[in-house]
Structures are given as C-alpha cells and as structure tokens.
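All remarks here apply to the structure that follows.
The values are calculated or read from the model by the stated rules, or taken from the named source; none is laboratory data. Quick caveat, the model's predicted, so the values are computed rather than measured. As a convention, Cβ positions derive from the backbone with ideal geometry for all residues, glycine included, and neighbour counts pool all protein chains shown. Note: accessible area is taken over every heavy atom of the protein model, side chains too, but ligands, DNA and RNA are not part of it. Shrake-Rupley method; radii C 1.70, N 1.55, O 1.52, S 1.80 Å.
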Amino acid sequence: MSRRALSILVTLMLALAPAAAAASFVSYGNDQIYIGASGYPYEVGADRRYIPVRIAASIYRDEENFYFAQESGYSEMTLKFAYQTQRGTMASSTVAQVLFEPVYCNYDGVIYYVDASRPNAVMAFNPQTMRKTVAYRSSYDIEALVNSVNGLLVGQDGDFELYDAGLKRLYSIYYDPSESSIRVFDDCHTQITADGALYVLQVGEDEPEYISSGVTAAWRYDDYIYYLRDYSSSARIYRFNLDDGRSSTIARIYENLAPTLVAMDGAIYLSTDEGEILRYDIESKYTATVVYVDDGNVRLEPVDDYVIVYDGYSGEYIDIIDASEPVVVYETVQYGSRGDVVVRLQEKLRELGYLTSSADGIFGTGTQRAVRLLQFDMGYDDTGIATVEFQREIFESGAPEYNRYVSLRYGSSGIRVEELNERLRELYYAKHDQLTDYDEDTSEAVERFQRQMGYRENGDVITATQLRSLLSSSAPECDEYYTLSRYDDAPVVKRLNRRLRTLGYLSASHVNEKYSTYTVKAVKKFQEMVYFTPDGVADPDTQYELFSEFAPTPSPKPTPTPTPEPTYEPFPDPTPEPYEPVQVVKESIINTMRTWMKNNLGGSYPKDYAVFTLQSRLTELGYMYDEEINSVYDAATQSAVRQFQRDNGLNDNGNANKKTLAAMFLNEF
C-alpha cells in the first residue's frame, strides 16, 4: 500500500471514529457529559465544566474511569484517565505521552498507543488491570493505529497489517479504503464508497460483501444492517439480514433526507434537509419528529440510551434525544376518527378552553368545531382536520387560550365569521345564506344590529363588545324591515311566511325559510288587499302593513244563495259525546322520541311531555294549530308529521323517527 493511500485511510478513520476530537459523548457513572468542538467537556444541560481540562479525543470509558487524550505539544498527546475522588470531585492521572491519538480496540478490550519515546513500538494498556506492556516492536516507525472488526490495524512503511495479540505479530491483509466511509461495530463494519456502494465485512472474513448501490447511510442494529437509499420522490429504508444475507424494504419516507442514519432501541433516527430529526419506530411503523435543529447538516451518534446530535460542519453539540422515552406519535385525525390520538387532542383542546365536552376519543362535531376555532385563531385554514403539523405546533410550540369574543372585520373568513353570519340570520338581521366570508351582506346586517343597539354604525367592523351582546341569550331580534324577494332563503323569510299563514294567505306546508313562488303569490294577494302594487316583493312598506295588528285577511268568496229546502219537523239533536283523542302510533315510536329528546335536547321527557314537545314544535313550524295540542299522538299529529316529512324530503310514514326529529329540531336535513 502506498504512503498516500495510508495517509487517506488514517485521516478517514480518525475522522469517523465515534470518539473523534471534533465532538463526542461519554458517560461517567450516573452522570452524562458531552465534549464539544472546543474540546472541553460539560454536563448535559449544565454550564459548569465537568473535567477542568481540554480533551482532544475521548478514547474509552468504563464504570469507574474515563480515558481521554489531551494535546501536550507539537505532534504529541498525553493519554490520561479521569476518576472520582473520595471527596466526590474529578481528578485525572497520566498514563503515557503518545505520538498520536490512541485507539481502543473492542476486539480485545485494550487501548493501543505509540509511546513518544519509542516510535517503533505499539504499547498496550489494559483498562481493567491498569498495566502497560509492549504489544509489538517493529523495525520501522509506527505511522497509524486503526480499529477494525478483526482487530488492530498497524500502519508502517506505507502498508496496513493486522495485529495478532496472541502471537504478537502482524499479518498482511486485503484492505482498500477507496476514499469511503467506514464504521466499525462489534462483529462487523460497514463501508460506503464514494459512488454509494455498500459493503459489509463480518468478523473473521477476509473480503467485504457487496450489499447494494445508491446507499447514503447505514447502521448495524440487532441482526441487521439498516441502510438508506434516496430516490427522486422518496427515500427508502432497507435492512440486510446478517444471518441469511437477504435484503428487504421496511419503510418509505416522503421527506428530503440527509445522508445520516442511526438505529437503536427499536427505532431508526433520520435527519431531513430542513433540520427535523425523525424517529421511525420499527415495530409500529410510525414516523415522528423528535427534535428540530436549524440546519439539516447534522451527525447522529448513539451512546447508551441517547442519540446525540452534532453540527455536521463544526462538530459542536446541538441536542440530545433520550431514546428510552416514549415518543409522541402524531397522526392526522378528522371527523369520524377514534382512539387515543383523539383523546390526547381533545384533552389539549379542553385545556385551552376550545372544547367543553369530555375527552371521549370520538372526533365528532364538537371536536371538529373546536379544531376549526383553534386553527382560525392560529392562522391556519380552518378545515377541521387536525394535521400532524397542526398537532405538533399546539403540543410542542404552544397555542392560544380560547376567547369567545374577538373583533371581526370586512374581508375576514372562517368559522368565527360563519357563526357571526348564522347568529345574524337567527335574529333576522341578515337574509343571506350562511357564509364563510365577511362580505357586503354581513356588513349591512352588522350595521342593522349596531343601529338597533345604539352603537356607532360601522358595519365593516364588529368589536368584541358588540359581539358579546350579539351572542348573548338576551340579544334582541331585528325590529326593522328590509326588502325580501324571490329566492331569498333565511329565518327572516320564515318569519314572513309564518305571518302570511297566520293571516290565511299561505298554507302550513309552505311555512319554511324559502321565498318560493307560493310566497310570491301570497305577498301579491296581500298587496292587493292593502292597495299596493302587487309585485310579490316584500319591501319594508309591505312588511310594515303585514305585521301590523290591522293587517287584513283574504276576502272570502261570495257565497251563492242556496235553493230553499223543504221544511221538516226538526228532531232534537243528540247531546254530542266529548272527543277523546286516540293514539295512532306504536308505543316504540314514542319511546324513540323520548330517548332522542333526552340525548339531544336535554332534560327528562315523560310520554305526555314528549308528545307535547313534538306538537308544540309542529305548531311553531306551522303544521298544527294551538288548539290541536293535546299531548296525544293522534291522527292530527300523525298527519302534521307526514306533511313535514314530505316538505323536507323524508319518508312520509307519519312516525317521528330520529331523522325526522333531527330535521325538525336541529335543522339537520
């Protein structure tokens, strides 16, 4: 091997060693410390120095001592070990002066180094016995020491040879660095060439085995080599079985991934180009973001139960991931979703005040509304779908607490504007359909409300104080009339239709929110009665006359004079028997009503009261008369229910089932 090749390999192995001088992480007893690019060790999460010396490289640690190299002069180092004194403080002691960085060889558990006074000898230091011996003496100066899966590699006179500790001699081996990245594990090492070819060399083998092309990163875990291949649309994680020599795909990641991968504790850790550190759980197949960093160029190193994140340029410590802690898995949930992920989201919404119902694990309309409100307040599109990004932000970055009353202005859109528009419709200030935008119709409706309440009239803005008044249960209905015409669809139209029906201009079956042709005809007929132009448009003047106490009823048709009947001796009329209403539906229908009303309207509903509630609602909607309310589900009630069902596209069987009740009381068509 040439001296240039030897120099390349030495530089490569030193740069890739887990205990490299740039940065590393070690444990000492129960204390965890890291070594940054500055060379000084610090406790994780603390600012004070842990060992008051500058460390060029960490070499090895056991339960009692931490071995490290310290720069001591030009081209020389000092091999030291740190220990805890009886007083509980840290102290260090010198092992030897060395020419270059020592190597801990996990093949035999020995720290090898070249003594500064004997450059042709490889020295062995046993951390267990604390003894130093000459491992090998050469005729040439030793130029490099490198750990490999088969033992210590000794570089001298331009070549690498494998050291046999038992015979204390060197053996020639086939070893070609090829400017590739090599990582050594207990029973194998991986090698990725510059063009992305992955090789694996196992203990005792002479030549590495080719695994795959296009590989950007690899790691040994359990009985597998996990490796990453990057494609144009996604990256894929594969694993190579060291026992049977087979490869298989285990995951596809739709992120732009950096060339780094670490596998440990049942999970694979990856880094995106955007600076997200991902954890892919091998068993559950979930991918979750565990850490955010500023840059995607990072290096990941596993130590004990931790994954350490270093800057890929400077080697500085960035963050630490506790791999033993369970990772929160975020999953997109929406209406209809169920499970623990929904429970966790509901608990967070309750904590913030957006949800008042219990965290039952069912993503229903209440949870959907709460999600939309929070999305609106956070500047998201209020879709009601709790995406992974949305959940991650509210759990990890924070979210605002719920405030029911916030100012809204012209041009706004979203759920808060929808609820504003719906409230304006309910109280007859607006005639437009339910909208998501704060437009000209909303502005006009807000101005009507402001005018009636005595606020300064500026329909383009409704303040939090004004909104509080509008949403209160004591908010007044609109007391002014504005023009309604064909195709309008709103509660204010229903109020008009109800009045037309009360006066006799419209049948009960057409009392709804639609300004239909029947409404047009009824308005025309009324306008004729008050000598207005019969155009069928309910302008303010028409409505003023219509809702006045002197509003006329339709003129009756002239009754023709009947032909006189022969006079007969009258018979006395029998005394009429009192009318007894008869229930015409099955008892199960009434029991269904009682259960539905209890669950959706609240309160208790005995049989009579349930029927009374139904009849009252039918009367309110114009399908029954007040005098027909008798708390018995009789033929008149059944007929009214049947008519309501026809008008609303339901099965007209006359039975007040769940769909009929939902349409009647909740407007759920």
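General remarks:
- For the stretch 598-618, a residue qualifies if it is in a helix (DSSP H, G or I), closer than 13 Å to PHE665 by Cα and modelled with pLDDT under 90, and the qualifying residues are LYS598, ASN599, ASN600, LEU601.
- Boolean, VAL203 is modelled with pLDDT under 90, closer than 28 Å to ASN150 by Cα and either among the charged types (D, E, K, R) or in contact with a Ser or Thr (Cβ under 8 Å, 6 or more places away or on another chain) (or both): no
- Inside the stretch 373-422, residues that are assigned to a helix (DSSP H, G or I) and hydroxyl-bearing (Ser, Thr, Tyr) make up a count of 1.
- The set of residues in the stretch 641-655 that are within 22 Å of LEU500 (Cβ to Cβ) and either without any contact (Cβ under 8 Å) to a residue 40 or more places away in the chain or assigned to a loop (DSSP other than H, G, I, E, B) (or both) comprises PHE644, ASN648.
Each row is one residue, and each column tells you yes or no for (1) in contact with a Lys or Arg (Cβ under 6 Å, 6 or more places away or on another chain); (2) modelled with pLDDT under 90; (3) part of a loop (DSSP other than H, G, I, E, B).
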site	(1), (2), (3)
LEU145	no, yes, no
VAL154	no, yes, no
LEU162	no, yes, no
LEU170	no, yes, no
SER178	no, yes, yes
GLN191	no, yes, no
TYR227	no, no, no
ASP243	no, no, yes
ARG252	yes, yes, no
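- The listed residues are ALA370, ALA359, and the only one of them that is part of a loop (DSSP other than H, G, I, E, B) and surrounded by 14 or more Cβ atoms within 10 Å (Cβ to Cβ) turns out to be ALA359.
- Taking the stretch 282-322 as the range and being more than 11 Å from ALA267 (Cβ to Cβ), in a loop (DSSP other than H, G, I, E, B) and either of a type outside the set (D, E, K, R) or touching a Pro at 6+ places or on another chain (Cβ under 8 Å) (or both) as the test, the residues that pass are VAL293, GLY296, ASN297, GLY312, TYR313, SER314, GLY315.
- Tally of residues being under 22 Å from the mean Cα position of the chain (by Cα), of a type in the set (Ser, Thr, Tyr) and open to solvent by less than 50 Å² (accessible area, probe 1.4 Å) across the stretch 279-330: 3
- Neighbours by Cβ (under 9 Å, 6+ apart or cross-chain): first from the stretch 407-427, of a type in the set (Val, Ile, Thr); second open to solvent by less than 30 Å² (accessible area, probe 1.4 Å) and assigned to a helix (DSSP H, G or I): ILE415/LEU373; ILE415/GLN375; VAL417/THR442
- Of all the residues in the stretch 378-393, those that are on the phi < 0 side of the Ramachandran plot and either open to solvent by less than 10 Å² (accessible area, probe 1.4 Å) or modelled with pLDDT of 95 or more (or both) number 4.
- For TYR623, the conditions (1) over 46 Å from the mean Cα position of the chain (by Cα); (2) touching a residue at least 12 places away in the same chain (Cβ under 8 Å); (3) part of a helix (DSSP H, G or I); (4) within 21 Å of ASN512 (Cβ to Cβ) all hold with the exception of (3).
- Taken together, the criteria place PRO554 among residues that are closer than 29 Å to VAL641 by Cβ and in contact with a Phe, Trp or Tyr (Cβ under 8 Å, 6 or more places away or on another chain).
- Failed item in (1) open to solvent by less than 70 Å² (accessible area, probe 1.4 Å); (2) over 22 Å from PHE376 (Cβ atoms), with ARG423 passing the rest: (2)
- Assessment of the stretch 463-480 against the conditions (open to solvent by 70 Å² or more (accessible area, probe 1.4 Å), without any contact (Cβ under 8 Å) to a residue 24 or more places away in the chain and either among the acidic types (Asp, Glu) or under 23 Å from MET624 (Cα atoms) (or both)) yields no matching residue.
- Elements of type strands (runs of 3 or more DSSP E) in the stretch 1-119, at least 1 residues being modelled with pLDDT of 80 or more, open to solvent by 70 Å² or more (accessible area, probe 1.4 Å) and more than 27 Å from ARG183 (Cα to Cα): 90-98
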